[in-house]
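Here is the structure we will look at.
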Amino acid sequence: MYAQLVETGSQHIRSLDEMAPEERAFQQRVDEGIKIEAKDWMPEGYRKTLIRQISQHAHSEIVGQLPEGNWVTRAPSLKRKSILLAKIQDEAGHGLYLYSAVETLGVSRDEVLADLHSGKAKYSSIFNYPTLSWADMGAIGWLVDGSAIINQIPLCRCSYGPYARAMVRVCKEESFHARQGYDIMLALCNGTPEQKQMAQDALNRWWWPALMMFGPSDAESVNSAQSAAWRIKLFSNDELRQKMVDQSVPQAEFLGLTVPDPDLKFNQETQHYEFGEIDWTEFINVIKGNGPCNRDRLRTRVKAYNDGEWFRDALVAHADKQERRKAQAQLAA
Amino acid sequence: MSKEWPLWEVFIRSQHGLAHKHVGSLHAPDAEMAVNNARDVYTRRNEGISIWVVKAADITASSPDDKSALFEPSNSKVYRHPTFFPMPEEVKNL
């Protein structure tokens, strides 16, 4: 998802009996659905895992602006351009809500950003794919933001208060993203045969990476079991992916598009779609930094940050000067 | 590398005449920029008509460890709630 393969540092899930009194009290609060707040006692593993998860989530929002930024100057109309700009601005906002949430855990904004820029921290695999046509703006909004909603709605109920509250804000804004994407797809599919083909091509390229976003099956993963016990992961990767497929296939059918999966079929008994094997070697490759755009994304991000340094410095110099003048005026009075 | 911008807590009053409510935080070099940034980060959809920003470092918060001692005095005074007093059914408007 926006946070993939998050390490918890746990080798096995400890029972309440194995825990020290402080940790037992913590786990019982989590089990009762009581929110953990920034100043509350928490196990070191919980804190570190949340830092990894929330910062990765934040980085995904920030880097997620880049594939879409590619189309701002080439949007087909002023209306589409305004909408795309508003969506990208939301992504920046989502990143900022999440950076604020992660800072409550005792890391600074600059440390977290430095980890992104050095390549130490990860962001979602999905943003390492190129946006080759305008239809990709549609496919991303529809499938990628659609998947993000499926992942983020449960997180509104996660155990860590600041993260849960950030997710509530994000979710309120996210359905605009999914709808504007589907609206782009609708317009293309109701257009010329070439436009419809453009939409089909975008679906062909984004479908599998969108399914990979949820991460490999984590039914056997100790990390996922630990995150579930801490209630910072509420559904398995496979459950969330199934939900995404179940809701997206009928939406693709309405558009008159074909999902690029010959094994896709509806199972009347389970009332779910069955789908083909996912190419996990591709996913692992992208995660390791060898996707189509990994280097370009990071380079662009670091360049934007470095290019803005003189401006950030100027704002600080101005603030310092105002502060000094105020102090002098008080002395003179 | 310049120094890290201070953290500001942001409070917004919505259009419905309610009190300013904490909505989140952000970094900014000074109060003026904090208000500008708060406008962009927290009011993109008409969420407010007034913004307060306060340096996070200037906020004094109660400690979660003192929770029981701090709030116990009010816990034991159930008679402060109107439902503490049963009223005869025949009596109206109370």
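Summary of values
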| read-out | value |
| --- | --- |
| Count of residues meeting criterion [closer than 28 Å to residue A:134 by Cβ and either surrounded by fewer than 20 Cβ atoms within 10 Å (Cβ to Cβ) or within 14 Å of chain B (Cβ to nearest Cβ) (or both)] in the range A:39-64 | 3 |
| Residue A:251 being away from chain B (no Cβ under 14 Å), surrounded by 14 or more Cβ atoms within 10 Å (Cβ to Cβ) and within 19 Å of the chain's Cα centre (by Cα) | no |
| In the range A:44-80, the residues that are at pLDDT 95 or above and assigned to a loop (DSSP other than H, G, I, E, B) | A:64, A:71, A:75, A:76, A:77 |
| Failed item in (1) in contact with a His (Cβ under 9 Å, 6 or more places away or on another chain); (2) farther than 26 Å from residue A:179 by Cβ, with residue A:90 passing the rest | (2) |
| Test: residue A:83 is modelled with pLDDT of 95 or more, farther than 18 Å from residue A:60 by Cα, in a helix (DSSP H, G or I) and within 14 Å of another protein chain (Cβ to nearest Cβ) | yes |
| Selection count where residues are surrounded by fewer than 17 Cβ atoms within 10 Å (Cβ to Cβ) and either among the acidic types (Asp, Glu) or within 26 Å of the chain's Cα centre (by Cα) (or both), scope the range A:265-277 | 5 |
| Residues within the range B:13-36 that are in contact (Cβ under 8 Å) with a residue 12 or more places away in the chain and surrounded by fewer than 20 Cβ atoms within 10 Å (Cβ to Cβ), tallied | 7 |
| Given (1) in a loop (DSSP other than H, G, I, E, B); (2) closer than 24 Å to residue A:92 by Cβ, index of the condition residue B:51 fails | (1) |
| Residue satisfying all of: in the range B:1-36; facing another protein chain (nearest Cβ under 10 Å) and among the polar types (S, T, N, Q); nearest to the chain's Cα centre (by Cα) among these | B:25 |
| Set A:297, A:312, A:325: member being surrounded by 10 or more Cβ atoms within 10 Å (Cβ to Cβ) and either more than 14 Å from chain B (Cβ to nearest Cβ) or in a loop (DSSP other than H, G, I, E, B) (or both) | A:297 |
| Candidates B:62, B:25, B:74, filtered to the one that is among the hydroxyl-bearing types (Ser, Thr, Tyr) and part of a helix (DSSP H, G or I) | B:74 |
| Residue match in the range A:128-138 (condition: in contact with a Ser or Thr (Cβ under 8 Å, 6 or more places away or on another chain) and of a type in the set (Phe, Trp, Tyr)) | no |
| Where a residue in the range A:317-328 is closer than 14 Å to residue B:29 by Cβ and its partner, wherever it lies, is surrounded by 10 or more Cβ atoms within 10 Å (Cβ to Cβ), with Cβ under 6 Å and at least six apart | A:319/B:29; A:319/B:30 |
| Residue A:106 vs. criteria away from chain B (no Cβ under 14 Å), in contact (Cβ under 8 Å) with a residue 24 or more places away in the chain, farther than 13 Å from residue A:205 by Cα and not hydrophobic (A, V, I, L, M, F, W, C) | no |
| Number of positions in the range A:109-130 that are part of a helix (DSSP H, G or I) and either on the phi > 0 side of the Ramachandran plot or away from chain B (no Cβ under 13 Å) (or both) | 7 |
| Pick from the range B:37-70, criterion surrounded by fewer than 11 Cβ atoms within 10 Å (Cβ to Cβ) and of a type in the set (Val, Ile, Thr), ranking: nearest to residue A:323 (Cα to Cα) | B:59 |
| The range A:209-224: number of residues that are surrounded by fewer than 18 Cβ atoms within 10 Å (Cβ to Cβ) and in a helix (DSSP H, G or I) | 2 |
| Every residue from the range A:134-172 that is assigned to a loop (DSSP other than H, G, I, E, B) and surrounded by fewer than 17 Cβ atoms within 10 Å (Cβ to Cβ) | A:157 |
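The values are calculated or read from the model by the stated rules, or taken from the named source; none is laboratory data. All figures in this text were calculated on a predicted structure; none of them were measured in a lab. Don't worry about glycine lacking a Cβ; one is built from the backbone with ideal geometry, like all the others, and counts go over all protein chains shown.
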